[in-house]
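> My structure is below; once you've seen it, I'll send some questions.
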Amino acid sequence: MLDKMWFDIDVELTDFIFSLCTELHKEGPVDSDVLESLSIIKSLYPEKIAPFENDILYYMGLFYKTTKPTNFKELIYQEFADSIKETTSCDFTPVQADAFNKIKSSNNFSFSAPTSTGKSFLFNKLLQEAKGDVIVVVPSRALLSEYISKISVVVGKDVLVLSFIDIINKKKTKRNIFVITPERGDDLFQKIDELNIDLFMFDEAQLTEDKLRGLKFDSFVRRVNKKCPKAKKVFAHPFIDNPEAQIIKNKLIGKSSFANYQQRSVGKIFLTRKKNDSFVYFSPFNDKTNGDIVYNGDPIECVLNRKGTCLIYVSKNSIYTSVISEKIQRYIVQCPLIADSRALKYIEKVEEFLGSNKRKSSMIVEMMRHGIIIHHGSIPLRVRSIIEQFITAGYARLCFATSTLIQGVNMPFDLVWIDNFRFWGSDDEKSLDLKNLIGRAGRTNEKSNTFDFGYVVINESNRGKFTERLLYTSRISEDSLLDLEGHDIFEDVEDEINAIINDDFDIDLKMPNIQVERLKDSNIDVDIAYILDSFFVNGKPISGKEYYNISKVQRDKIKKAFQHIFVSHLNRRELVGGERSVLSTAIPLLLWTIQGKTFAEIVSLRYSFLSMREEQARLTKQLVEGFISEPIFLQEQDKLRVRESPSAHSLPDKSYTKSNSLFKDMSPMKLSYDLVIYDTYDYMDKVISLSLKNPMCAAFFLYYDKTNDSRALALSNYISYGTNDRKEIWLKRYGFEQEDMEWLKPCVDDIDENQITFNDNIKQYLDDEQKSVLLERYI
Amino acid sequence: MKVTKIDRLNYLKPEQYPNCDIFCLHVLIDDLEMIIAEMRVVIAGTSWINRLRSIDQKIYTVNSKKTIDKIVNIITSRVVNELNDSVGEYMISYTAQKMLVDSFNHFRLPLAELLKEKISGNPGFDFHTISEKKLLNFGEAKFSMKETPKDLAINQISDFIKDEKDYGELLSLKPLVDSLVIDNMDDGKRGYIAAFSFNSKSIDTIFKHALNSDAMKNIGKYQEFYLIAIQVC
């Protein structure tokens, strides 16, 4: 509630605070309205709330933040806390304890709990207690690294934690925890008989509602239920009204239970930003003002001045077009340069990975030096992971993030400003995403006796829509798309959907059987042979530069060959214009990957290519050698234009008839290094890894199977692992990346599924914080 | 719990406070453990946590016994500290209310009042009941490990009357009481309860002093007054 009266200096609030406490005692912290009232009162009159604060925390069940009981009621609540600890052997909140007990006593448990109810803490306990292998399913790859690093800390060193399914390091591993996305779920069934799985945890299980991914999710749930009926299955959702739908829709067998927890751990204060840049209070629950209670100052500045953290939710476009620069300039004063040596190490790592420097300046890196973060889906996963560690370590102050963060990162902020109000999907999905986002407003700090709250800021024009979506009850369907007739689907994903529905995948080639059959039946041997002949010289793949040096006719033929192979696995004969452009652009990147280039090297090469670096160098040389005058040099330089390059786009997409270019009619001097990073990463990720890798590898592997041409197997390995080197392939299966090969390979004497045998060279890296974390389970 | 009703005329002349029904009650708690167990249930049983399956039932039973023992020890230890005072004050409130319900057919107003915590600035009365005459009674509880804080209780009531604290509280009580009670309140009819721990030798001296104090002049104008001395055996 928001009441105008509270802003009168002499207002008497004791009785009202009593009534809020009574409500918390009886119902728990389930009413956002109550928590909002406490938050506003605390922000205005901290001294009025202070005498009640310990009581409030006891009533909220946040026993980890309470101090010793000082009154009768606290004594009784302390009894609850002690009993919970004795029941669960853990410092759980009542909600965590309830869920924990239900998980223990059920075969399947599906629950809903708001963001920041300490779900991770509960999950960690389950992971620690598990006796066998565990599969954790998360909705996005962005979440993988966060999960892996958090889980690795809480389980023993003899528990292997991997972000993909592989059975390695057998000698040093007692059990495995695999954290995967549903897309990686197929890999499980290759190894499932070698594993002893006793727990499946599905986090953010509302993914079941997402069309194609939802199908994959449901299919995975059903398949594991069939294969491992005795293993526990736990489904967690935020803000879902009917978590039982998960059990119903996938017909889970065994004792099932569910719970819809609505208890929150922090309160929120809502503000709108007016066009004149002033801020006013509002309440989406019960607003007894006329929208005329002004917040004194700029809340973002206030939070930053108090050393707090702010998240500004923006569109990707506003990052790409530098619209966010205006906001950065406004708040950079509150974010001075960071001097902390550990923070600088994180920044150095990002700089190293991206290959940025003075000439190739990256805003990601430069802003990080001020504790300002840019976070979106086209920032390389490894960088996002370092950025997330940087934020978790408390160095980030201001974070500009897109929707990737909603499902990707579990980090709370003191203030969340929703500057971009575009959400996707059904009304349920839009409402869920909004609630998930504002759920990040308000950090529960470790300080005892402190009721915590956060700020949510929205633009005035979105107020009505915001309230509507916030109050909307989100539900998930009790029917799976797998059981519905007549799917409204695009032709491009039809094969996959049918394969999911009919469980008709080639597990080894990771493709629908129908697509494998098409590859086998197609006439692509000539194309494959041509590619192999063109790409291999003396048994080694040619470089990206060598690729550009071959004749245009030959290059066009290679492109056509790739197009032919790619289209052969689809149910059509030709690629459309946009698809062809993207595929052509991907080929040199694929070659660079094959040669084991690091991401920084690939971006750097592409940046040079796009910015006509050779042409620039030629002009400079002419100037230095006196062949041209300075005015001519400048005139010629001014004429230079960045090479057009189609922006990355997932394939196949029949509707993508014409490609878009990120770098249209631009002087090379103005080419943003960050844009090249984003687009190149999208190519590596969306195009090569997710679109091309499986059909290409399958085509080359099938060719090898038929002809025994070892170059085909090598190319399949190159595409799959970026290398054909046995040791490097094994190291990648152990979770190391291309960036690690240079320092790691000389330290390895031998490697197989049982263990890595290191030599003495490894000793020099054991003191390095980041490298030792990578190595700790293998040493 | 044993209740001894003592005639007011032992301490007052008949013409003193003729319109006020005054009851002098000496309560002897000989079943402290049971009283504490009931007090505990009032809080534990109404909390949202009690509705969850957070706690193993066996552990719950064992721990509730432990809590009761702990509180009994607090009361009997006579150690003065913030926690012990709070526990004692609850015991006085609870026992007085319970006694009025059991012996005088009062209706006990629920939890909200029991939840009230003594915060600096004395926010209001500690508990409330409704008498058979449909009068709202405002209760003040005072606890001491060693003293008999009767003066604190009745002076507090007198001050609250002057500050019209009772009217202030009526607003939050309205939803809990029927219209007759409200009508009586509007007509200026109501009652007061002074409950306090008894640690003295003579109950007569305590009651006599209390009823002849200045504060009584304010309290005696109203329809009911319960003077309750509570002693733990």
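The values are calculated or read from the model by the stated rules, or taken from the named source; none is laboratory data. Please read these numbers as outputs of a predicted model, since none were measured by experiment. Note that each Cβ is placed from the backbone with ideal geometry, even for glycine, and that neighbours are counted across all protein chains shown. Calculation scope for accessible area: heavy atoms of the full protein, side chains included, ligands and nucleic acids excluded. Shrake-Rupley method; radii C 1.70, N 1.55, O 1.52, S 1.80 Å.
> Build a GNM of chain B with springs between Cα atoms under 10 Å: which of B:83, B:32, B:136 gets the top mean-square fluctuation?
The residue that fluctuates most here is B:83.
> Counting helices only, and only those DSSP H runs with n ≥ 4, report the 222 nm mean residue ellipticity of chain B as the sum of -39,500 (n - 2.57) divided by its residues, in deg cm²/dmol to the nearest 500.
When only DSSP H runs of four or more count, the value is -14000 deg cm²/dmol.
> Hey, if you put +1 on the Cβ of every Lys and Arg and -1 on every Asp and Glu Cβ in the protein assembly as shown, which of A:335, B:210, B:17 ends up farthest toward the positive end of that dipole?
Highest projection toward the positive end goes to A:335.
> Do you know which residues of region A:14-43 lose at least 30 square angstrom of accessible area in the protein assembly compared with their chain on its own, with a 1.4 angstrom probe?
The answer is A:15, A:18, A:22, A:25, A:26 - residues whose exposure falls by at least 30 Å² when every protein chain is included.
> Right, here's the next one. Taking one equal scatterer on every alpha-carbon of region A:595-741, how large is log10 of I(q)/I(0) by Debye at q = 0.20 1/Å?
-1.19
> Length gain on complete extension for the stretch residue A:47 to residue A:536, per 0.36 nm per residue less the alpha carbon to alpha carbon distance?
Fully extending the segment from residue A:47 to residue A:536 adds 168.5 nm.
> In whole percent, how big is the carbon plus sulfur part of the accessible area of region A:1-73, probe 1.4 Å, protein atoms only?
Carbon and sulfur together cover 56 percent of it.
> For residue A:445 and residue A:502, what is the calculated FRET efficiency with R₀ set at 56 Å and r taken between the beta-carbons, to the nearest 0.05?
0.65
> Between chains B and A, what is the buried accessible area summed over both chains (1.4 Å probe, protein heavy atoms, nearest 100 Å²)?
So the buried area, both faces added, is about 3300 Å².
> With springs connecting C-alpha atoms under 10 Å apart, model chain B as a Gaussian network and identify which of B:31, B:126, B:187 has the largest mean-square fluctuation.
Top of the fluctuation ranking is B:187.
> How high is the relative contact order of chain A, in percent, with contacts defined as C-alpha pairs under 8 Å that are six or more residues apart?
Here the relative contact order equals 13 percent.
> Still on this structure, please answer the following. Accessible area per residue, 1.4 Å probe, Å², for region A:6-157: what's the number?
Normalised by residue count, the accessible surface of region A:6-157 is 31 Å².
> Taking the alpha carbon gyration tensor of chain B, what are the square roots of 5 times its eigenvalues, largest first, to the nearest whole Å?
Here the semi-axes work out to 30, 22, 15 Å.
> State, to one decimal in nm, how far the label point of residue A:650 lies from the label point of residue A:90, with both points 7 Å from Cα in the Cβ direction.
That separation, rounded to one decimal, is 3.4 nm.
> If you average over every viewing direction, what projected area does the convex hull of the Cα atoms of region A:633-700 give, in nm²?
So the Cα hull casts an average projection of 6.1 nm².
> Another question, then. Computed FRET efficiency, Cβ-Cβ of residue A:187 and residue A:625, R0 56 Å: what is it to the nearest 0.05?
0.45
> Please work out how much length the chain gains when fully extended from residue A:669 to residue A:15, using 0.36 nm per residue of separation minus the C-alpha to C-alpha distance, in nm with one decimal.
228.9 nm
> With the full set of protein chains in place, find how many percent of the accessible area of region A:164-322 is carbon and sulfur; take the probe as 1.4 Å.
Answer for region A:164-322: carbon and sulfur cover 47 percent of the accessible area.
> Where Rh is the Kirkwood radius over the Cα pairs of region A:536-648, the temperature 20 °C and the viscosity 1.002 mPa s, what D in µm²/s does Stokes-Einstein return?
Numbers: Rh = 16.5 Å.
After rounding, the answer is 130 µm²/s.
> Let me ask another. Per residue, how large is the accessible surface of region A:306-350? Use a 1.4 angstrom probe and give square angstrom. Walk me through the intermediate numbers first.
Numbers: 2410 Å² over 45 residues.
I get 54 Å² per residue for this part.
> Give the relative contact order (percent, whole number) for region B:1-138; include only Cα pairs under 8 Å separated by 6+ residues.
17
> Let me ask something else about it. Could you compute how fast region B:124-233 diffuses translationally, taking Rh as the Kirkwood radius over C-alpha pairs and applying Stokes-Einstein at 4 °C with viscosity 1.567 mPa s? Give it in µm² per second.
90
> Just how far, in whole angstrom, is region A:487-552 from region B:219-233 if you go by their alpha carbon centroids?
Taking the Cα centre of region A:487-552 as reference, the centre of region B:219-233 is 92 Å away.
> Taking the simple approach of a point 7 Å from Cα along Cα-to-Cβ for both residue A:726 and residue A:634, what is their distance in nm?
Rounded to a tenth, the inter-label distance reads 6.2 nm.
> Here is a follow-up. Please compute one quarter of the surface area of the Cα convex hull for region A:248-406 and express it in square nanometres.
Approximately 14.6 nm², given one-decimal rounding.
> Here's a follow-up. So what's the gap between the Cα centers of region A:701-779 and region B:5-36, to the nearest angstrom?
Centre-to-centre distance over Cα atoms comes out at 88 Å.
> Mind checking which of B:68, B:55, B:43 has the largest fluctuation in a GNM of chain B, springs on alpha carbons under 10 Å?
B:55
> On to the next question. Considering the protein assembly as shown, what Rg and Dmax in Å follow from its alpha-carbon atoms?
Rg then Dmax for the protein assembly as shown, in Å: 35.8, 126.
> Continuing with the same structure: Between residue B:37 and residue A:521, what is the label-point separation in nm under the 7 Å Cα-to-beta-carbon projection?
In this crude spin-label approximation the distance works out to 8.0 nm.
> Calculated FRET efficiency, residue A:608 and residue B:58, Cβ-Cβ r, R0 60 Å, to nearest 0.05?
The formula returns an efficiency of 0.25 here.
> Continuing with this model, one more query. Determine the share of region B:127-233's accessible area contributed by carbon and sulfur atoms, expressed in whole percent, with a 1.4 angstrom probe.
Whole-percent figure for carbon plus sulfur exposure: 47.
> With θ taken as phi - 60° and the coefficients 6.51, -1.76 and 1.60, list the Karplus ³J(HN,Hα) couplings across region A:534-539 in order, rounded to whole Hz; mark glycine and proline as x.
Using θ = phi - 60°, the values come out as 7, 8, 10, 10, 6, x Hz.
> Tell me, what is the per residue accessible area of region A:437-514 in Å², probe radius 1.4 Å? Could the numbers behind the result be given before it?
On the way: 4060 Å² over 78 residues.
Normalised by residue count, the accessible surface of region A:437-514 is 52 Å².
> For the charge dipole of the protein assembly as shown, defined by +1 on Lys and Arg C-beta atoms and -1 on Asp and Glu C-beta atoms about the Cα centroid, which residue among A:543, B:1, A:389 has the Cα displaced farthest towards the positive pole?
Of the options given, the answer is A:543.
> Length gain on complete extension for the stretch residue A:104 to residue A:290, per 0.36 nm per residue less the alpha carbon to alpha carbon distance?
So the extension gain works out to 62.0 nm.
> Per the helix-only calculation at 222 nm, which mean residue ellipticity applies to chain A, given -39500 (n - 2.57) for every DSSP H run of n ≥ 4 and division by its residues, nearest 500 deg cm²/dmol?
It comes out at -14000 deg cm²/dmol, rounded to the nearest 500.
> On to the next question. Can you compute the charge dipole magnitude of the protein assembly as shown about its Cα centre, using +1 on each Lys and Arg Cβ and -1 on each Asp and Glu Cβ, nothing else charged? Give it in debye, rounded to the nearest 20.
Here the size comes out at about 1420 debye.
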